[in-house]
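Notes for the one structure printed next.
The values are calculated or read from the model by the stated rules, or taken from the named source; none is laboratory data. The structure presented is a predicted model; accordingly, all values stated were derived computationally and were not measured. All Cβ positions, even for glycine, are placed from backbone atoms using ideal geometry, and neighbour counts span all protein chains on display. To get the accessible areas, we keep the full protein, side chains included, count just its heavy atoms, and leave off ligands, DNA and RNA. Shrake-Rupley method; radii C 1.70, N 1.55, O 1.52, S 1.80 Å.
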Amino acid sequence: MVGFCGNSSFWDKEALLNNWWPQFTDCFQETVLTFAPCGWLWLTCIPHLIYLKRHRRYIELPISWLTVLKLIFSPTLCILHLVHIAAASEEFGPDLSPSFYLCKGLWAVTCALACGLILVSQKHGVASPCILFIFWTLSLTVSVIPVYSGAILQEYNGKLLSYFIVCLILLFVVLEFLLHCCNEKHVVHLQNSHFQRPCSEAGASFPSKLIYSWVFKEIYKGYKKPLELRDVVDMPHYMHSTNIVPQFLSTWKKELVHTQLKNRHLDPRPNGCLNADLREGSSAEVDDDEQTPLLSASVGFVQQARRKPKKASLYKVLLKIFWLPYLKVQFIGIMADCLVFVNTLLLNEIILYVEHKKDYPQWQGFIIAFSFLVVTLLNSMMINHKVYKTWNIGIKIKTMLMAAVYKKALTMNAESRRKFTVGTIVNLMSVDCAKFQDLLMSAWVVFSFPVSMSISFYLLHDALGLAFITGIVILVLFIPVITKISSLIKKAQAEQLKIKDKRIKLTNEVLNGIKVLKLYAWEPSFDEQVRNTRGLELVQLRKAALYISFATLSWFISPVMVTVLTFLTYILISPENALTPAKAFVAMNIFNYIRVPINVLPMLVTQVAQVHVSGKRLCDFFCGEDLEETDREGADEEHPVVMRGATFTWDKTLPPTLKNLTLEIPKGKLVAVVGQVGSGKSSLVSALLGEMQKERGQLSVKGSVAYVAQQAWIQNMTLRDNILFEKAMTTDRYYQIVDACALRPDIELLPAGEMTEIGEKGINLSGGQKQRVSLARAAYSDADLYLLDDPLSAVDAHVGRHIFEQVLGPNGLLGKKTRILVTHGIHWLPLTDHIIVMDQGRITESGSYQQLMNHDGPFAEFVKTYLVEHADDEINDEEVGKLTDQIIAQVGTVISEELPDDTKKKLLRTRSHHSQSSATGSEKSMTDKEGEGSARGKSENKSQTASTSQGQDRLIEEETSETGKIRGAVLMAVIRAFGVVSAALVPLCLVAYQGLNVGTGIWLSQWTDDPFLRNESNSHMHTYRSKTYFYLGVYSALNGLQVFGNGAFILIVFLHFVHASRHLHNHMLTNILHQAMAFFDTTPVGRILNRFSRDMDIIDTLFPHLVRITLHNIFQLMAIVVVISYSTPIFLAVAVPIFLLYVVLQVNKGGRREAIGKIFSWLDDLFRLRFVGLCVLHRPAFVPRI
């Protein structure tokens, strides 16, 4: 080493530690201090390049002045290092060591590499790579050493040029470091932003991301005023659901395929775990031969061989996606944990420095104090980074699962929909998906606990010897106790979620039928039903709270017992063992740190149990059967709909609904489907949509499909948006369809015209208006095939004639489209191209109108029955009357029995009331069949929309949330629900617990400061042992009282929050049920349902943990401040200003819940959508919205 470094030694401990300034040898500077930053960049450049290659670009970074300066300074540094070699060769001549040439050459090449990495990262849209920032930070640190060493040694006297170059190198390194701290201002986003302002994190530098300075502007804005949704910047692009959900769906599908392949080896029969696109037909039959036994030799063996089919694992899918990002985050967390123990070692050093101050140089005290600051800052940044990234991963998982649940709800078949009720799916989205996010915030303990405990026990062994084994034994003994408690918690959570599903289902039914409830004054009855179900749920919650209390108390007891018994063991092992201040306080510091992960473990155990239950529920839901995809191969251009021997059912366990259907629908024809009530007309349309399960036969549908349901489906949006339905606006076509559907007069009556907001379920539209909006939406979709389930049943005859002529008829807008019209209006049948007659799920007759009327068949009998049943109906349209006359005449000539005379007279009398002005009736007033209800509907429209004229004609107000500080009334409401007496006992228990904790520390301080016990020469005396046991006994008693006080606090919080939850739920339920109907007309059901699902779940499960931890930390902080202020009053001079600064900088923030409420409003729309079958057609329009 001496030859390589010249005359310089590699390491000189005396010059470094016992000198008045820290002096590093030239060899150490040219080797270790060079290889550290340069080696870091060379080792990390290849992983960084791989990351850039796989990195998905979301932004472009144009060449800015910041990039230009970086690219100038890096080559400049490269040149300076090469010039330094030349200058040193002139000044030192042949005395230069090989290590110097290697050092400068390596620096030059590394600076060139840094310049290349800057260019490549810029090209791939990475603003400030972390490896470059760390490189320049390390370079800055090591570049300072030769500058201050040369200044102290006055090297500038004889080697001025070399020292000047060294100072220039430091200058340019500082400039590069500062440039890498600056944010990129000019960022081009490759994806459209959902908000007006895109996220500024994309152009933030690495240090800005560490200290979150990129969000300081938003924090200041929130400090000035309460933040609203329009003030918030967009999420980072990598957090958008459009970028993360497809990855989960594709990985889940692969897992399903893999599971299917495994199950084939277990049982050849198809299982219900897979989606419809993965299911196969029946298993192949095995042919018998002569040697096949009639009876199995061992039936039991065969039954054992048929193992239960495996289900796809949701945990495996999430692990495949997030194992690497989460592992990176937890690695940073482990580094932060290790830094905490560095503080423990520094504490030991500072104690030794204070005790032997004269033996150490003064600069070492400053270095130790500065190291405290640096280690604490690094630990804080690492922990914050870990929490931020973990939160992001949790949000991604929650988003993926919610989107997958929503998408799955769009594709479930009837059997799955019956199994998973509305309440179950709402809980899956609002509760179960959120459990995974909550778990991730505590799962760091799984990685941190083993590492921290290993380091803790190693340091305890170094301080207390073999006594640390006692602590390990105690923790191992607690494992089976916690395992048993966690299994009980899991069982209680599973039962509670089942009951919660029933409660949410019942609540949803109450909210959807609230009008009937109020009409018959049934509120008290259903209030009692919901409360009874909630009572069963609270029984399980109380059990879980009790188990969680025991688990929490067990984990709290464990560090106390570890501390006491470790000290006891240390004293009993040898009479010469004495607790010195260094040993005692280092051990106490380690024990206090052990409590941090141990305090989180109870919550982790609870959340693991909850996630296990939620994961099973989600997996069962995702494994449910889907709708079968419609075959497109059998149909062609001439016949877009083909059925051959097709049999359909709603449920495999029930008889088929449609039997042996065979038909071909020609392109561009209007086909009518008629039959008695319950004959299977709507089921036929559902089968064409793919809503029914096909048992056998063939069904082929070619081209896009539009559907108009018998019950119109309207969304809570403007009238125009209801018609456009996510499609681009084409003005001419839009108004042409509006006129054809007779909506123009209605639009003129609305307060804001076509921009009037339509309430939930179309409450401010009449039945006929809703039906025409639904028809207009289908017409605007410009589909190839139109399925029309009796769309004219809700409108008057003259309106129906107008719609038929302008939209459905041969000369209408859809005249060249293929149309299948289910109708009860026989007067339209002569204008159709083909008629299909159905009865009891079968096609009994089909053909043109003339063909069917020319003989006495099922169709003629249906027409006769219809005329008899509707003889009293008034016909107020001349054209419709003429068509009816023709039908009556033809029926009389073909059927075996004439119409009764009274029926003929009724028909004639009804038509005589027809007004000549009916031809223009559709232009005067668009009314429906409700008669007086039409006028009433219009008056209701005016009254309901009168208030919307103020505030831009909004019917449904945006959901608001409280902003600023929590109001005292809210706190008092929670305290009253919790119980005033119980709430008063909580601070008393905490004061007692923290007081005993402080007393324990004071007692330990007196123990270690006892001059008699500090003199180890007295260890053989009886008095020494007596005093030791006395101190130890009091110390143990104080710890035992701590356990009692904390245990009382834990039990009160968990058990009484169950009582508070019951009170808050019942009060909210009663308040909701006694609201006026105007409240339900202007408040989406999803918003109300979210209060009873997710919000109540937070109060039930998460709130007790948060309150326990928050109150515990507040009183612990108060105790620390009191003790430090008492022992060191000067501490208040620093603490009080910092406290006031925190108070001033408190940001008023209000959690926005609108998005969640909208999601559940859409979910409520979804189930009504599935009821009418529209989701099959508009699935691509709905999935992106969630």
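Look at residue 960 and say whether it is at pLDDT below 80 and either in contact with a strand residue (DSSP E or B) (Cβ under 8 Å, 6 or more places away or on another chain) or farther than 30 Å from residue 1121 by Cα (or both). Yes; evaluated as a whole, the condition is true for this residue. Of note, residue 814 does not satisfy the criterion of being touching a residue at least 40 places away in the same chain (Cβ under 8 Å) and aliphatic (A, V, I, L, M). Scan the stretch 740-758 for residues that are at positive phi and under 40 Å from the mean Cα position of the chain (by Cα) and the total you get is 1.
Taking helices (runs of 4 or more DSSP H) as the structural unit, those lying wholly within the stretch 1066-1147 and holding at least 2 residues that are modelled with pLDDT under 85, open to solvent by less than 70 Å² (accessible area, probe 1.4 Å) and of a type in the set (Gly, Ala, Ser) correspond to 1131-1144. Scanning the stretch 689-709 for residues that are over 20 Å from residue 807 (Cβ atoms) and open to solvent by less than 50 Å² (accessible area, probe 1.4 Å) yields 689, 690, 691, 692, 693, 697, 699, 700, 701.
Scanning the stretch 746-768 for residues that are open to solvent by less than 30 Å² (accessible area, probe 1.4 Å) and β-branched (Val, Ile, Thr), we see that the one that is modelled with the highest pLDDT is 747. Among the candidates 486, 456, single out the residue that is small (Gly, Ala, Ser), closer than 15 Å to residue 594 by Cβ and touching a residue at least 24 places away in the same chain (Cβ under 8 Å). Result: 456 is the single residue among 486, 456 that is small (Gly, Ala, Ser), closer than 15 Å to residue 594 by Cβ and touching a residue at least 24 places away in the same chain (Cβ under 8 Å). Every test in (1) outside any helix (DSSP H, G or I); (2) within 42 Å of the chain's Cα centre (by Cα) is passed by residue 737 save one, and that test is (1). When 141, 67, 137 are checked against the criterion of being open to solvent by 40 Å² or more (accessible area, probe 1.4 Å), assigned to a helix (DSSP H, G or I), under 30 Å from residue 199 (Cβ atoms) and of a type outside the set (Asp, Glu), 137 stands alone in meeting it. All conditions but one from (1) modelled with pLDDT of 80 or more; (2) open to solvent by 80 Å² or more (accessible area, probe 1.4 Å); (3) assigned to a loop (DSSP other than H, G, I, E, B) apply to residue 181; the one that does not is (2). When 586, 600, 596, 564 are screened for being at pLDDT 75 or above and part of a helix (DSSP H, G or I), only 564 passes. Could you give every pair whose Cβ atoms fall below 9 Å, whose first residue belongs to the stretch 365-387 and is within 20 Å of residue 326 (Cβ to Cβ) and of a type in the set (D, E, K, R), and whose second residue is at pLDDT 85 or above and part of a helix (DSSP H, G or I), counting only separations of at least 6 or pairs across chains? Once the first residue is within 20 Å of residue 326 (Cβ to Cβ) and of a type in the set (D, E, K, R) and sits in the stretch 365-387, its partners that are at pLDDT 85 or above and part of a helix (DSSP H, G or I) give 386/329; 386/330; 386/332; 386/333; 386/336. Please find, within the stretch 447-493, the residue that is nearest to residue 342 (Cα to Cα) out of those that are within 36 Å of the chain's Cα centre (by Cα), open to solvent by 70 Å² or more (accessible area, probe 1.4 Å) and among the hydroxyl-bearing types (Ser, Thr, Tyr). Looking at the filtered set, the residue picked out is 454.
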